Each structure stands twice: as C-alpha cells, then as structure tokens.
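Only one structure is covered here, and it is reproduced in the block below.
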Amino acid sequence: MNRLLTLILTLVMTPLALGAGLTNVGAVPVYTGTPVLVAAFASVISTSTYNGGFVIIETNFDATNDRLQMKSGYTMPSGVTAVYDAVTGVLTISGSEVTAEDMQEVLRQVEYGNADTNTAAISNRTITVVLGDKLAFSGNSHFYEYVSFISTLEAPSVGRSWTTAKTAAASSMNEYFGLTGYLATITTAEENAFIIGKVSGIAWLGASDAETEGTWKWVTGPEAGTVILTPYTGVEESDPYSNWNGTGEPNDSNNEDYLHIMDWTTPAGRWNDLPDNGSVEGPYKATGYIIEWNGTPQETLTGVTTIQVLGPVVAISAPSYAGIDTDITGPVTFTLTYSNVSEGQISLVAANLTLIKTSTVGGTVSLTGSGLTRTVTVSGMSGEGNITLNLAAGSATNAAGTLSAKTAETFRRECFQVTAVNIDEFGVERETASAVDACVVFD
C-alpha cells in the first residue's frame, strides 16, 4: 500500500515539478499616462527560494524618463527591498531566501511609469522579469553578473588578472539553477549593448590571442575556439561579431593578450586588449569580470512582457448630412471620438478646427459635446467645391504624447439649375417657371 501511495504521489507531483518557476508574465499592459502593473498575473510556483530578482527595461529604454517602481501603498515582505537604477533601467529586488509566494507578490506589484508628464517616447518597451540574483538577457536567455575585484587598489599582479577571473568564473561555485558559469563571451551587438548598459563597466571577457599572437578567439563557454577574425576596421562586424576600440586595436602593446570591455568609450562598450595583470592604474584598469551562464535552467527563471506606450488617439466619423434638398446649406456633422485620454486631457476648442476648401465653397464650423465624444457641425454653406475638416495637432495630450493633426473624409457641395415647366392636360407646355439653384452635398 505504501509503495502504491508513493507511486500515485509521484505521478501527481511530477507535472508540477516540470512546470516550476515563473509563468504568466506575458500580458501586454497599455501605458497612457497612469502607472501600469508590469506583470499583474505573474505566477511563481516552486519549492526554491530566491536571493532576489530583477525587472529590466530592455527595448526602447528612455533613461531620462522611464521608471519602474513598487505600487503606491504596497508593503514589501520582511527583509525584501526594491531599488530602481534610472541609468540602467533595472529594478533590483534584494532579499535572502525569498519564498516563491513572496516573490510572486512582489513581482505583481511592480509598475511602469514615466517622469515626463507631457511627452514620453511613444514606443513599446520590452520588459524582462527575472527570478534570482543574476541579470537575464531576453535576446539569448543567458544570465550575467558583474563581479568586482575585492579592491581596485590592489597591485595589478594580485587578484585582478584575467587568468584569475577566468578560473573564478568557471568554478563549481558558479553553477546556477543547473547552469554553468564561464567568463562571458559576446556574439552580437545586442548582447554587447545589454552587458555594457545593464551589467557593468570595465571588465574582463573570455577572449585571448595568447595561443597564437594576432589570432583572437573565444576561449570560454560554448563559443570556445571561435576566432574573432577582424580587428577594428571602422565598420561593425556581425559574423563573427567584434567591437574593438578604434583603429589599431588590438595592438598588443606590452604583450596584451586578453580582452576586456570598457564603459567610457564613445560609444560605450568598445573592446581593448590588456596584459594578464590587468594593466596599470588608469582608465584601462580591469576592475572586475563578467560571468555568463548558459544552458537550460532547472526551472523557468524569466518572462518577457511588453508595455504599450500609447499617445492619444482620435477617430473622426464620415460626414453625415440630411440628403438632397433644393438648397443644402447644412448641417453636415462629424463625430470626434477620443481614446487613451481622460476628459481632462482633452483641450479641444473651436480654434483647433478648420475647413480645407476648394473652388468657391464656404461654410462655418461649430463645436459641441463633452467627455470623450464631440460633435463638429459645418453649416451656412455656399458655393461649390470640396470640403475637408482638419483637426490641428495638440487637441489632446497624455503622458505618452500629444495628438497629431488629423483630417476627416472629404465631402462635396455642388449646385445646378432647375427649371419648372407646367404641362396642360393635353401635354402642351403652357408656362415655364423661373430657373432656381439646387445644391446638394455628397461624399
């Protein structure tokens, strides 16, 4: 009986184990000026505990205005903190052995907002949510960590060499949820931008030409043996990728056989060669190294969502008019319907509305209504020609942008003469009435 019970429990629990980790991050919130929850339905199901987590703005990050924050009024679990770095766009959640339940609740309370109350950049933001204390890059699903040397004042030969960093990065201590760490390799411009923008500054990477002078290759991780064929040529290389700092690099000055990345170059993230001891004091001095983890983790540690940053939108209906009459002077009406704004964010006035006219046509414009729906009426029309209603830019503004100019569907007013003829009972014309103008409007 005990064996049967064990078998039943194993069959029941196995699917939960296979689905452990982070799920349900992929909802797509819409930001129109009010902070929105990034991952309101995130789920963390695991027996693991975590030493923190991250929420990272990756794509279209606006360092000046983008913000990640905890929802106002939310109380963090005991021992857990969240700090946002406006330079990198990373919200770091810190704690020790945080339970899955607590991590789930914290992640669900993270909001995206924008410091600019008028015009946030209108482009979608890709947001990566991460369990654990290693940063994750959505472009390759790898994890990264910058490790600073104990003291940047150490002598170059003591503790900050490339060889020391390579050994430390590959040590068994750096196994992470079933992944193995190694001194980082960079194979795309996107990965390079992520590392320099989110992870750290001046640090060792896993490439060297120590084996054969002038033949640079990756010597760590799954890319080990891949030759970085070209020194800097002024053109970004893509296959294989390289990012050397200026003409002449790598230059092997003072037997420089090891690769590092720098945050002070223009643009940031260029590469340089250094000797194993990490160089003398100065801007080239190696201050740490970057570990990269690759493989399939024991549980799902990341999820990606998109914040839609939408400016105001207005829809203008087709022109509406009564039909054919002897002399249509109006009214012709349009309905303006706003979205992604509140009534208080709409600044529409009659001065925003003009008629684009051709030939001799004329008319006057009036505005009525409130809320998100307004009515524009064209009346007192005369002459002939095409009429188009134009809505000037700026009639609505939210924290994601200002409404652009918009034109409505064109309609036409046209007139012709009508002659009335009286015919007697024998079909003979007896009298002709005076000619009159009949005017109609149509699409």
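The values are calculated or read from the model by the stated rules, or taken from the named source; none is laboratory data. As the structure is a computational prediction, the values presented were derived from the model and not from experiment. Note that we place each Cβ from the backbone using ideal geometry, even for glycine, and neighbour counts take in every protein chain shown.
Checking the condition over 29 Å from THR402 (Cα atoms) and out of contact with any Pro (no Cβ under 8 Å at 6 or more places or on another chain), which residue from SER366, SER359, SER342, SER347 passes? Give the steps one after another, and end with the answer.
Details: SER366 fails: over 29 Å from THR402 (Cα atoms); SER342 fails: over 29 Å from THR402 (Cα atoms); SER347 fails: over 29 Å from THR402 (Cα atoms).
That would be SER359, the only listed residue that is over 29 Å from THR402 (Cα atoms) and out of contact with any Pro (no Cβ under 8 Å at 6 or more places or on another chain).
Hey, does the range 342-361 have a residue that's within 29 Å of PRO35 (Cβ to Cβ) and basic (Lys, Arg)? Scanning the range 342-361, I find no residue that is within 29 Å of PRO35 (Cβ to Cβ) and basic (Lys, Arg), so the answer is no. For the range 26-45, filtered to residues that are in a loop (DSSP other than H, G, I, E, B) and at pLDDT 95 or above, the residue that is surrounded by the fewest Cβ atoms within 10 Å (Cβ to Cβ) is PHE41. Of all residues in the range 36-77, those satisfying the criterion of being closer than 20 Å to PHE143 by Cα and of a type in the set (Ser, Thr, Tyr) are SER46, SER48, THR49, TYR50, THR59. Note on the range 84-112: residues that are buried (at least 18 other Cβ atoms within 10 Å of the Cβ), acidic (Asp, Glu) and either assigned to a strand (DSSP E or B) or on the phi > 0 side of the Ramachandran plot (or both) amount to 1. Each residue in the range 397-443 was checked for being at pLDDT 70 or above, within 30 Å of MET381 (Cα to Cα) and in a loop (DSSP other than H, G, I, E, B), and 7 of them qualify.
ILE290 satisfies every condition listed in (1) at pLDDT 95 or above; (2) β-branched (Val, Ile, Thr); (3) within 30 Å of GLY371 (Cβ to Cβ) except (3). So which residues in the range 233-248 are touching a Lys or Arg at 6+ places or on another chain (Cβ under 9 Å) and at pLDDT 90 or above? Result: ASN243, TRP244, ASN245.
For LEU391, state whether it is at pLDDT 95 or above, surrounded by 14 or more Cβ atoms within 10 Å (Cβ to Cβ), closer than 29 Å to THR34 by Cα and under 32 Å from the mean Cα position of the chain (by Cα). I'd like the intermediate steps shown before the answer.
Working: at pLDDT 95 or above: yes; surrounded by 14 or more Cβ atoms within 10 Å (Cβ to Cβ): yes; closer than 29 Å to THR34 by Cα: yes; under 32 Å from the mean Cα position of the chain (by Cα): yes.
Taking the combined requirement at face value, the residue satisfies it.
Taken over the range 397-409, residues that are within 17 Å of TYR338 (Cβ to Cβ) and more than 23 Å from the chain's Cα centre (by Cα) amount to 4. Residue count for the range 336-367, restricted to those that are under 35 Å from the mean Cα position of the chain (by Cα) and surrounded by 16 or more Cβ atoms within 10 Å (Cβ to Cβ): 9.
Which residues, counting only those in the range 46-66, are surrounded by fewer than 18 Cβ atoms within 10 Å (Cβ to Cβ) and in a strand (DSSP E or B)? Passing the criteria: THR49, THR59.
Looking at ARG125, ARG108, ARG160, just one residue is of a type in the set (Lys, Arg) and at pLDDT 95 or above, and that residue is ARG108.
A quick yes/no check of all residues on (1) touching a residue at least 60 places away in the same chain (Cβ under 8 Å); (2) under 30 Å from THR354 (Cα atoms); (3) outside any loop (DSSP other than H, G, I, E, B); (4) not basic (Lys, Arg):
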{"site": "GLY269", "(1), (2), (3), (4)": "yes, no, no, yes"}
{"site": "ASP273", "(1), (2), (3), (4)": "yes, no, yes, yes"}
{"site": "VAL304", "(1), (2), (3), (4)": "yes, no, yes, yes"}
{"site": "GLY311", "(1), (2), (3), (4)": "yes, yes, no, yes"}
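Comparison of ILE307, ILE291 shows that the only residue that is assigned by TED's automatic domain parsing to the domain that holds SER171, crowded, with 19+ Cβ neighbours inside 10 Å and not hydroxyl-bearing (Ser, Thr, Tyr) is ILE291.
Output the residues belonging to the range 350-394 that are hydroxyl-bearing (Ser, Thr, Tyr), in a strand (DSSP E or B) and within 20 Å of VAL441 (Cα to Cα). Within the range 350-394, THR354, THR364, SER366, THR375, THR377, SER379, SER382, THR388 meet the criteria.
Keeping to the range 159-201, report how many residues are part of a loop (DSSP other than H, G, I, E, B), of a type outside the set (A, V, I, L, M, F, W, C) and closer than 12 Å to VAL147 by Cβ.
Narrowing the range 159-201 to residues part of a loop (DSSP other than H, G, I, E, B): 159-161, 170-171, 175, 177-178, 184-188, 200-201.
Narrowing further to those that are of a type outside the set (A, V, I, L, M, F, W, C): 159-161, 171, 175, 178, 185, 187-188, 200-201.
Subset that is closer than 12 Å to VAL147 by Cβ: 159-160, 171, 200.
The total comes to 4.
A Cβ distance below 6 Å, combined with a sequence gap of six or more or placement on separate chains, defines the contacts here; from the range 34-53, residues that are under 30 Å from ASN398 (Cβ atoms) and not assigned by TED's automatic domain parsing to the domain that holds ALA100 reach no residue that is crowded, with 18+ Cβ neighbours inside 10 Å and at pLDDT below 95.
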